[in-house]
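S.K.: The structure's right below; bear with me while I get my questions together.
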Amino acid sequence: MTKAVLARIPKKYEEHLIALFRHFPDASETQTVESTAAYLGLIWHCGPEEVPRLLHLMTVRSRGAMTYRIGDPQCCLGATIQIQLTIDIPGGPHHG
């Protein structure tokens, strides 16, 4: 899953995706990450206000392999973020 998603995002954001999988190891199975902008900012070494921009830049050319939704803000934690990973593996089940 990691390699399939890495192949579809810009190379300069590979470390961000690797950090995401490192901090959310079940993401490969669930294909979903739910977190807050504050936590993603910590693991990506940026401020929570930069997280939506980074997500946009990471996903804009992923052809749907990685999408995200920004939810309501949480007290002191920034917005809730849901990231969806969708990879169609030939011969495998369709996720989407």
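Computed from the coordinates by the stated procedures, all read-outs in this text should not be read as laboratory data. Quantities reported herein were computed from a predicted structural model and do not represent experimental measurements. Using ideal geometry, Cβ is built from the backbone for each residue, glycine included, and neighbour counts are taken over all protein chains shown.
S.K.: Tell me what the chain gives for mean residue ellipticity at 222 nm when only DSSP H runs of n ≥ 4 count, each as -39,500 (n - 2.57), the sum divided by the residue total, rounded to 500 deg cm²/dmol. Provide the component values of the computation, followed by the final result.
M.R.: Working: 5 runs with 36 residues, N = 96.
Taking each H run of at least 4 residues, the total per residue is -9500 deg cm²/dmol.
S.K.: Let me ask something else. Out of these labelled values of Cα extents along the principal axes in Å, (i) 44, 24, 22; (ii) 93, 45, 27; (iii) 42, 28, 21, which was calculated from the coordinates shown here?
M.R.: Working out Cα extents along the principal axes in Å from the coordinates points to (i).
S.K.: Next question, about the same structure. For residue 34, project a label point 7 Å along Cα to C-beta. Then give me every residue of segment 54-73 with its amide nitrogen under 18 Å of that point.
M.R.: Residues passing the 18 Å test: 67-73.
S.K.: Right, another one. Using the per-residue mean of other Cβ atoms lying within 10 Å as a proxy for protection, in what order, highest first, do the peptides 38-44, 15-21 fall?
M.R.: 38-44, 15-21
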